[in-house]
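Okay, so here's the structure we're looking at.
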Amino acid sequence: MEKMVIGEWELEYDKSKTLEAYKKHKTSTEECACQSCKNYYHASKYFSAEIRAFFENMGVDVEKPIEVYDYSTYKNGKVWYGGWYHIVGKIVKGKDIWVETHRADGDIVYHRGDMHKVADDLEVGFTLQIYLHNDNFPDNIFQMEINFWVPWVLDDKECLKDFCTEE
């Protein structure tokens, strides 16, 4: 197991097992045909060396998020994305990024806590709440949540107007 500290989180992860799981995992374009997913996949090929190295250091294939979605916000040629990746290992230290809130009506809701900036356009946080777990990954995983300004690289810029508001 390798160790890494990112912001308040201390992580232990198995890079080789994470790599193996991502080799079997489909890309976002194999899972979804929407323009947003297509853009994330194609843009990921042009992410900076710093961002690619951050993902690769943990065995994560940046081109294969478990889930990715846009927040319908567009600024300076980039779209604000959210999503997550799974990593084989454990969170040794640090608060779960998902914060439980009790509403006045008694319902419990969750919202993301403070993310940690790892590069100009990328923030991450970590949780043990695993969503969309699939058979490619073993049970001993944690989830890396992302917020990420991603360039719009598809030729079809008109579709941005259909789902994004310029900030």
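The HN-Hα couplings worked out from phi for the stretch 135-148 by the Karplus form 6.51 cos²θ - 1.76 cosθ + 1.60 (θ = phi - 60°) are 5, 5, 10, x, 6, 8, 10, 10, 10, 9, 7, 10, 10, 7 Hz, whole numbers, x standing for Gly and Pro. Of all stretches in the chain that contain no trypsin sites (Lys or Arg not before Pro) in a DSSP loop with at most 13 other Cβ atoms within 10 Å, the longest one is 46-102. Rg and Dmax over the alpha-carbon atoms of the chain stand at 16.2, 47 Å.
Between Leu154 and Trp98, the FRET efficiency from the beta-carbon distance, with R0 = 22 Å, is close to 0.10.
List the chymotrypsin sites (Phe, Trp or Tyr not before Pro) within the stretch 1-102 that fall in a DSSP loop (any state other than H, G, I, E or B) and whose Cβ has at most 14 other Cβ atoms within 10 Å. Answer by residue number: Tyr46.
With each label modelled as a point 7 angstrom along the Cα→C-beta vector, the Glu56-Ala33 pair spans 3.3 nm.
Amide H to amide H, with H built 1.01 Å from N, His116 comes under 5 Å of Val124, Gly125, counting only residues 5 or more places away or on other chains. In this structure, Lys24 and Lys75 have a Cβ-Cβ separation that, at R0 = 45 Å, corresponds to a calculated FRET efficiency of about 0.80. For Glu2 and Asp105, the FRET efficiency from 1/(1 + (r/R0)^6), where r spans their Cβ atoms and R0 equals 35 Å, is about 0.20. Counting other Cβ atoms within 10 Å as a rough exposure proxy, the listed residues Val153, Val68 run Val153, Val68 from fewest neighbours to most.
Multiply the residue separation of Tyr46 and Leu128 by 0.36 nm, subtract the distance between their alpha-carbon atoms, and state the gained length in nm to one decimal.
Working: separation 82, 0.36 × 82 = 29.52 nm, distance 2.96 nm.
That pair, Tyr46 and Leu128, stretches by 26.6 nm at full extension.
The numbers here are math on the coordinates, done by the rules we state, and not lab data. Everything quoted here is computed from the prediction, not taken from an experiment. Note: ideal-geometry Cβ built from the backbone for every residue, glycine included; neighbour counts use all protein chains shown.
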